[in-house]
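Notes for the one structure printed next.
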Amino acid sequence: MMVHAHRALMAIPVRLTLRSFASSAAALKWEGGVSMVQGASRGIGLEFVKQLLEKNEKGHVIATCRNPTGATGLLELKNEFAERLNILPLDVTVESTIEESAKSITESHGSLNLLINASGILSIPSVLQPETTLSKVNKSSMMLSYEVNAVGPILVIKHMWPLLKAGGGFGTERDVAVVANLSARVGSIGDNRLGGWHSYRASKAALNQLTKTISVEFARKKDPVACILLHPGTVDTDLSRPFQRNVPADKLFTKEFSVQKLLTIINSTKQQDNGKFFAWDGQEIPW
Ligand SMILES: NC(=O)c1ccc[n+]([C@@H]2O[C@H](COP(=O)([O-])OP(=O)(O)OC[C@H]3O[C@@H](n4cnc5c(N)ncnc54)[C@H](OP(=O)(O)O)[C@@H]3O)[C@@H](O)[C@H]2O)c1
């Protein structure tokens with residue numbers, strides 16, 4: 001009995017020492033933290049990669065996209081930041097590509113301090129058009145929007161979850177890992193006064209509900225992870241371009257401005273922000 005009790009007591013500090021040694025080794029290796037940007041080939045996602053690399057000279061970034069060889073903006077950044085940028089293939093509609101990315105990050109970096117889901121679709125020529133009336137609603141558009149905008153980001157979080165660790169990130173020693181999902185104000189049910197865009201709105205509302213649900217689970221498990229939803233404003237990218245006609249000039253943001261604002265929110269995220277939905281200016285948006 002005595003011997004067993006003694007062994008048990010001895011085991012605790014040894015385990016703790018090994019664990020703290022392993023985490024301090026990881027912290028030393030990735031001093032500036034490791035961020036993943038999913039949906040990084042263009043638009044807001046690409047700008048996140050750029051600013052994360054430029055603003056945190058020790059930070060490492062994993063950028064994922066459907067077709068890395070065609071992602072010219074990312075390849076240009078790879079030329080400039082060869083040591084600190086990894087590019088991996090990932091299509092949110094193909095779960096095996098998400099699993100492969102998780103495996104690859106586990107081997108190369110072993111942890112993630114920030115995960116940004118930036119992918120999203122609103123329209124695709126001759127495939128998907130935002131609906132102006134109920135009579136234009138069809139099943140395939142709804143299912144595609146839901147698959148890419150709501151289901152995909154959640155599967156990404158599912159597979160990256162074991163990698164999420166507090167710390168790192170630019171300009172901050174965050175005490176939580178941050179998961180930031182790019183949503184949209186039009187996904188707010190409480191804020192819906194205009195109607196229209198049924199598929200896009202509903203898919204972002206679903207993303208919001210799924211993110212909130214995950215945030216509750218993380219809190220219950222006392223995981224040091226804060227999940228937030230971000231509305232970037234109306235930003236001048238391929239996504240908004242066909243719909244910019246009625247947007248006043250001062251309400252159409254550059255991607256540089258929007259990402260700068262969103263990074264300010266991300267970098268000040270605390271545990272108590274878990275499950276919140278923020279606009280680019282830090283204001284909370286009603287569900
Ligand atoms: N721009 C705005 O005004 C605005 C407003 C509110 C919310 N948002 C949200 O902000 C996010 C970024 O939008 P954005 O304006 O940057 O759009 P964007 O320029 O059209 O870029 C969309 C990104 O999503 C990727 N993507 C599409 N389908 C994908 C899939 N199946 N798997 C992986 N990636 C996929 C695209 O990759 P490919 O190059 O492979 O197509 C591209 O990188 C979206 O979630 C959007 O809903 C944007």
5 Å is the cut-off here: which amide hydrogens, built 1.01 Å from N in the peptide plane, fall below it relative to ALA226, excluding neighbours closer than 5 in sequence? ALA177, VAL178, VAL179
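Loop-only check: which trypsin sites (Lys or Arg not before Pro) in the stretch 41-131 are DSSP coil with at most 16 other Cβ within 10 angstrom?
Values: sites: ARG42, LYS50, LYS55, LYS58, ARG66, LYS78, ARG84, LYS103; in loops: ARG42, LYS58, ARG66, ARG84.
Of the trypsin sites (Lys or Arg not before Pro), the ones in loops of the stretch 41-131 whose Cβ has at most 16 other Cβ atoms within 10 Å are LYS58, ARG66.
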Which of PHE277, ILE44, ALA166, positive extreme of dipole for the stretch 32-279 (C-beta unit charges): PHE277
List every residue whose amide H lies under 5 Å from the amide H of GLY168, counting only residues 5 or more places away in sequence or on a different chain, with H placed 1.01 Å from N in the peptide plane. ARG174
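Take every Cα pair under 8 Å in the chain that's 6+ residues apart, average their separations, divide by the length, and report that relative contact order as a whole percent. Mind showing how you got there, number by number?
Details: 518 pairs, mean separation 49.2, N = 287.
Worked out over the chain, it gives 17 percent.
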Subtracting the Cα-Cα distance from 0.36 nm times the residue separation, let me have the gained length for LYS103 to ILE189 in nm, one decimal. 27.3 nm
Using Cα springs under 10 Å in a Gaussian network model of the chain, which residue among ALA249, ALA63, ALA205 shows the largest mean-square fluctuation? ALA249
With a cut-off of at most 14 other beta carbons within 10 Å, and DSSP calling the residue loop, which GluC sites (Glu not before Pro) in the stretch 101-176 qualify? Please list them. GLU173
Trypsin sites (Lys or Arg not before Pro) within the stretch 167-261, DSSP loop, no more than 14 other Cβ atoms inside 10 Å: ARG193, LYS221, LYS222, ARG245
Along Cα→Cβ, 7 Å out, is where each label goes; now give me the distance between the ones at ASP238 and GLN209 in nm to one decimal. 3.0 nm
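Relative contact order of the stretch 168-226: what whole-number percent is it, with Cα pairs under 8 angstrom and at least 6 residues apart? Working shown, then result.
Working: 37 pairs, mean separation 24.7, N = 59.
Relative contact order for the stretch 168-226 comes out at 42 percent.
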Counting DSSP beta bridges in the chain, what percent are antiparallel, to the nearest 5? 5 percent
Relative to a virtual label point 7 Å from the Cα of ASP175 in the Cα→beta-carbon direction, which members of the stretch 210-233 show backbone nitrogen distances below 13 Å? 224-225
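Given only helices, namely DSSP H runs of n ≥ 4 each adding -39500 (n - 2.57), what is the per-residue ellipticity at 222 nm of the chain, to the nearest 500 deg cm²/dmol? Before the final figure, lay out the partial values.
Values: 8 runs with 117 residues, N = 287.
The helix contribution divided over the chain gives -13500 deg cm²/dmol.
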Computed ³J(HN,Hα) along the stretch 272-287: with the Karplus parameters 6.51/-1.76/1.60, θ = phi - 60°, integer Hz and x for glycine or proline, the list is 5, 7, 3, x, 9, 10, 10, 7, 3, 8, x, 6, 6, 9, x, 5
Using the Karplus curve 6.51 cos²θ - 1.76 cosθ + 1.60 with θ = phi - 60°, what ³J(HN,Hα) values do you get for each residue of the stretch 58-63, in whole Hz, with x for Gly and Pro? 10, x, 9, 10, 10, 10
I need the helices of the chain that pass two filters: whole DSSP H segments spanning 27 Å or more by Cα along the axis, and mean Kyte-Doolittle score no lower than -1.0. 2-29, 198-220
Area projected by the alpha carbon convex hull of the chain, averaged over all directions, nm²: 17.4 nm²
Under 16 Å from a point 7 Å along the Cα-to-Cβ line of ILE124: which residues of the stretch 133-170 have their amide N that close? 138-153
Per-residue ³J(HN,Hα) for the stretch 121-133, Karplus 6.51 cos²θ - 1.76 cosθ + 1.60, θ = phi - 60°, Hz, x for Gly and Pro: 10, 10, 9, 9, x, 6, 10, 9, 10, x, 6, 9, 8
Please give the contour-minus-distance gain from GLU147 to LYS58: 0.36 nm per residue of separation, less the Cα-Cα distance, rounded to one decimal in nm. 28.5 nm
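The numbers here are math on the coordinates, done by the rules we state, and not lab data. Keep in mind it's a predicted model, so treat the numbers as computed, not measured. FYI the Cβ positions are ideal-geometry reconstructions off the backbone, even for glycines, and counts take in every protein chain you see.
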